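The values are calculated or read from the model by the stated rules, or taken from the named source; none is laboratory data. Here the structure is a predicted model, which is why all the values come from computation and not from measurement. Note: ideal-geometry Cβ built from the backbone for every residue, glycine included; neighbour counts use all protein chains shown.
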Amino acid sequence: MAARKTAKQWNEGMTGVSRPAAGSPVVERCTVDGCGQAATAGRSPRGWVRTAVSESTEPARVWCCGRCAAVGIALAELRMVRP
């Protein structure tokens, strides 16, 4: 029994790179040294972002950029202490 349409006809000629596998990480790890380290009592490096989420089990941390800080805040919120 022959197929009614070829794959190219079925998807109207669309080709390209498929989406990543489901097991792949959502975001790539940052490669900047010190990004995501626990914040110390001193000042953060110039241009870095310091975050702290209240009621989270995660300590305050410093991040190299806003994107990394946003990911860190999201992770800290997932680790919040729940009653």
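Is there a residue being outside any loop (DSSP other than H, G, I, E, B), surrounded by 12 or more Cβ atoms within 10 Å (Cβ to Cβ) and either among the hydrophobic types (A, V, I, L, M, F, W, C) or at pLDDT below 90 (or both) anywhere in segment 33-40?
The first filter runs over segment 33-40 and keeps only residues outside any loop (DSSP other than H, G, I, E, B), leaving 38.
Now drop any that are not surrounded by 12 or more Cβ atoms within 10 Å (Cβ to Cβ), which leaves none.
The answer is no; no qualifying residue exists.
Restricted to segment 42-62, and to residues there that are of a type in the set (A, V, I, L, M) and in a loop (DSSP other than H, G, I, E, B), the residue that is surrounded by the fewest Cβ atoms within 10 Å (Cβ to Cβ) is A52.
The set of residues from segment 63-83 being over 16 Å from G34 (Cβ atoms) and outside any helix (DSSP H, G or I) comprises R79, M80, V81, R82, P83.
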